[in-house]
Amino acid sequence: MTEHNKPEPLLVVSNLTMNYRATAGSMTILRDISLSLQRGEILGIIGESGAGKSTLGNAILGSLAQEFEQISGAILFDGETLDGMSDRRRDAIRGRRISAIFQDHTASLDPLMTVGAQLEETILATNAKVSGKEARNRAIDLLARVGIQNPAERYHSYPHQFSGGQRQRVVIAIALAGSPDIIIADEPTSALDATVQKQILQLLRELVEETRVSIILVTHDMGVVSEITDRVVVMRHGEIVEQGSTSSLLDAPQKPYTRSLLAAVPRLRMADLADRKDPTEELSVGGVQDAGAARPLLNVRGITKSFSRRGISWISKSTSRPALQDVSIQLERGAIVGIVGESGSGKSTIGRIIAGLETAGTGQLDIDETCFDVSKAGSRNGLLGKVQMIFQDPAVSLNPRMSISEALRESVRFGCCRTDELAAVALIMDRLGLSLNLLSRYPHQLSGGQKQRVCIARALLARPRIIVADEPTSALDVSVQAEIVALLKENVSKEGISMLFISHDLALVQQLCSFVYIFRDGKVEDAGSSAFIFGRSRNPYTRSLIDARPQRFTS
């Protein structure tokens, strides 16, 4: 199609400049941003944390706080200027014609409503002609399309009864419920494992082809960008560095910054592992050592855990759903052990039990040959505080009433560190690439990546012997992710910290971990050294996880 015959874009952002008014003064967040979005197009926006990606998405959506001020430029949607519309007209567009999938899935869901009721409410609000029965059937169909198993049953579940990845899929279903013209997807797959991520990306692509919906995909995941987008915009410090078609930008980036981003993407290495001999290949699935081997720091044996689930009617009895079934894992002193598996496989549950945040039905947990009763709460059995946890959702794990400085200084005191609190905080902020001016801010004033780095800093400052890291890099861009991986390795080596690294990013697990457990449906499906798992394991499920990795970033 020639430029002359090319259709008018559905969305045009023209020379947009925005400031953020803070107590200390005004700062420019977006500077002279210009881009367009065609109908049926998927546009990727990439860049490091704090680059302005989410701010641009929220400006289009019209959901920025009052502190943000548009200085110049315009946003045109379907030929109309959004900033010139009345509040009533803008509200009519938001959620119906322009919907969003937010990075923080927990804040997007009402904890007092079942997911089915929230979906049904969205469907009815955006289409007055739909009956209640039709809305319910469509809600169940949407849950099925985004990969929720037993959707008719899970329709009646509440958000807390889903795993993090499952909640993210529910949020995607809600965004799709109103059949919008544009979906602004802010890190929509950051909490998803490789297989489900592939399924969601295929779903989004099918929806684009079927309905001609347009998608703005805000992400730091280069694999997602390579798999689904048509064009890519690269941002840095509130400005556009480079933009173009996905293939040309990824294959032949013109700017040094784009090249550095691509170079930082972790790659799953396969070629050098296939023929490597692995002494742990004959390990049992549980990964338990021989009797003569050195005692591990952490020894978990036969852990079981079930969650109760209410029936779908008032006359139904409660049922239980097994979350963990006879799980046994070990963690050596000074080692990093990976736990990998699909969403809902029990990865986070075993991590929370080890940290003393959840109880178990049966099983044994020993730390340095001291036995802890896992059937009791961590505050009662003495386990709470001995293991630090870096949570998957940084927004929920930070106290909104405490400044960043207060939160980090509290960790220094908890860790019985004899050094000066401020000096220790300043050192860890510098090592994690965080500006000291963030110390006076509160969690809601930080980007998702900044909040996650604060959570990592808090865990390290407590000086634990064991850290359970539950998706600690899921909110980080690739360059910062590489720095965090290096930092975690350094602390394990220098401080003698041992770590359980829970992740769906196979390339990161391969880089960090000496030993890997593969979880599936609450059981240990496969286990072995990193070389064995990624190069020699013949387990079909393990191979399916590896094969789901974007081929562009597999070597």
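Nothing in this text is a laboratory measurement; each read-out follows from the coordinates by a stated rule. Treat the numbers as computed from the prediction; the structure is a model and nothing was measured. When we count neighbours, we look across all protein chains shown, and the Cβ atoms used for this are built from the backbone with ideal geometry, even at glycine.
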From the phi angles alone, apply the Karplus equation (6.51, -1.76, 1.60; θ = phi - 60°) to region 152-168 and give each ³J(HN,Hα) in whole Hz, x where the residue is Gly or Pro.
5, 7, 6, 3, 8, 8, 9, x, 5, 8, 10, 6, x, x, 5, 4, 5
Would you mind checking which residues have amide H under 5 Å from Ile45's amide H? H placed 1.01 Å from N; only 5 or more apart, or other chain.
Leu217, Val218, Thr219, Val233
So, counting K/R as plus one and D/E as minus one, what does the shell of residues with Cβ under 12 Å around Gln199 add up to?
0
Among Ile75, Ile182, rank each residue by its count of other Cβ atoms within 10 Å, from fewest to most, as a rough exposure measure.
Ile75, Ile182
What is the order of Ile33, Ile303, fewest Cβ neighbours within 10 Å to most?
Ile33, Ile303
Fewest-first ranking of Ser226, Ser375, Ser179, using other Cβ atoms within 10 Å as the exposure measure
Ser375, Ser179, Ser226
Classify region 398-463 as rounded, prolate or oblate from the Cα gyration tensor: take a ≥ b ≥ c as the square roots of its eigenvalues, call it rounded if a/c is under 1.5, otherwise prolate when a/b beats b/c and oblate if not.
prolate
Return the long-range amide H neighbours of Glu242 (sequence gap of 5 or more, or a different chain), with a cut-off of under 5 Å between placed amide H atoms.
Val234
Among 143-154, 167-178, what's the highest-first ranking by average C-beta atoms within 10 angstrom per residue?
167-178, 143-154
